[in-house]
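The structure under discussion appears below in the form of structure tokens.
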Amino acid sequence: MKYLLKIAVIFFTGSTILSAQFSEKSKNFKKHEGLFTFYYDQGNDKIFMEVTDLNKEFLYVYSLSSGIGSNDLGLDRGQLGNEQVVYFKRAGNKLLLIQPNLKYRAITENTLEKKSIEQAFAKSVLFGFKIEEEKDGRFIIDMTDFLMQDTHGVALRLKEKKQGNYSLDKTKSAIDLERTKAFPKNVEMDIILTFTGVVEEKAKLLEGVAPNTKIVTVSQHHSFIELPDNGYKKRAFDPRSGSYPFAYYDYATPVQEPILKQFVTRHRLEKKDPSAAVSEAEEPIIYYLDNGTPEPVRSALLDGGKWWNQAFEAIGYKDAFQLKMLPDDADPLDVRYNVIQWVHRSTRGWSYGSSITDPRTGEI
């Protein structure tokens, strides 16, 4: 019994020392405060993040902040990956980052019915983070290994396009502090990733854009975003619209109705005066054009983009859609700005629209 008690005391003491060590070391780390508070340890090129709200959902999005520049490869600057609703859950000495399965739901007040759907279909644990410190409901975790992954699938894309077999070289990869920031509604972390490998003999696409086809460096981006409130109202999808639906299966649907539910993907837009035939919006949809856009393309985009407002006028909105130049003091990484990016490629290509949406509702 004495032996067991002694082990318990040593374990507790060790845990206390670990916490004290991190708290002491973090005084020399660069602190960023926003949706999440995180610390940058320059000496070890590590990022530690503070988590206070377990089981609270937020949005995780990965993207490319610098690409390869080939239209045929399709790995462009600003290319978005999948958006995922996630939350942190404690499991022993770890925090698990969990992505729930939103494709299958039970829209009901019956808690047990909801639970039955959650347990019937798989969820995904995206990562397990060792707890570096725990104090007063505050958890410190090391984000570095999670960030230092080929989340966007660059190596797989190069292989699929028959450019070669590449793997991530962490010795040539690092955190990019210029694009690692915190804002009130989002946190952004940028990672310089270098891929090395064996080049295919016919890797002509890479030859045209990479200075060294054996070493390809891009930047991948990780965004942690606050989810919008529950004031958004879903609108049923009509196949005659020619658009694409946002869909899920609702297993709480009455047996005589289809369980597949389809809705429009759209911005939240409401009239200031719902009774008026024409009204300004409570919050207009504003897009900002990348300051790096050259003339005469800049003026053409501004003029052409503003034509969209005619469609909103036709349904009773005044100045509901606006297109402006991004202010010099605004940061395009701040999720409060919708930004149109100017992207260069080595050959002629096409423009494309992509947006971050709430996977729960389809709200842009």
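The values are calculated or read from the model by the stated rules, or taken from the named source; none is laboratory data. Note that the coordinates shown come from a computational prediction; the quantities given were computed from them, not determined experimentally. All Cβ positions, even for glycine, are placed from backbone atoms using ideal geometry, and neighbour counts span all protein chains on display. Remember, those area values only see protein heavy atoms, side chains included, never the ligands or the DNA or RNA. Shrake-Rupley method; radii C 1.70, N 1.55, O 1.52, S 1.80 Å.
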Review point. Mind checking which residues of the stretch 261-278 are more than 17 Å from Asn230 (Cβ to Cβ), touching a Phe, Trp or Tyr at 6+ places or on another chain (Cβ under 6 Å) and among the hydrophobic types (A, V, I, L, M, F, W, C)?
Key: Val264
Practice item. Give the number of residues within the stretch 189-204 that are under 17 Å from Gly74 (Cβ atoms), more than 28 Å from the chain's Cα centre (by Cα) and open to solvent by less than 60 Å² (accessible area, probe 1.4 Å). Key: 1
**Study point:** Residue that is modelled with the highest pLDDT, among those in the stretch 340-364 that are among the basic types (Lys, Arg) and open to solvent by less than 80 Å² (accessible area, probe 1.4 Å)
**Key:** Arg360
Point to revise | Residue match in the stretch 219-235 (condition: open to solvent by 30 Å² or more (accessible area, probe 1.4 Å) and outside any loop (DSSP other than H, G, I, E, B)) | key: no
Study note, to complete from the structure: Among strands (runs of 3 or more DSSP E) entirely within the stretch 283-364, at least 2 residues that are farther than 30 Å from Ala106 by Cβ and in contact (Cβ under 8 Å) with a residue 40 or more places away in the chain occur in 285-289, 338-340
Revision key, fill the gap. Considering only strands (runs of 3 or more DSSP E) wholly within the stretch 112-188, the ones with at least 2 residues that are without any contact (Cβ under 8 Å) to a residue 60 or more places away in the chain and exposed (fewer than 15 other Cβ atoms within 10 Å of the Cβ) are 124-135, 164-168
Practice item. Scan the stretch 245-298 for residues that are of a type in the set (S, T, N, Q), open to solvent by less than 50 Å² (accessible area, probe 1.4 Å) and at pLDDT 95 or above and jot them down. Key: Thr253, Ser279
Practice item. Return the only residue of Leu96, Leu73, Leu59 being in a loop (DSSP other than H, G, I, E, B), of a type in the set (A, V, I, L, M) and either surrounded by 13 or more Cβ atoms within 10 Å (Cβ to Cβ) or in contact with a Cys (Cβ under 7 Å, 6 or more places away or on another chain) (or both). Key: Leu73
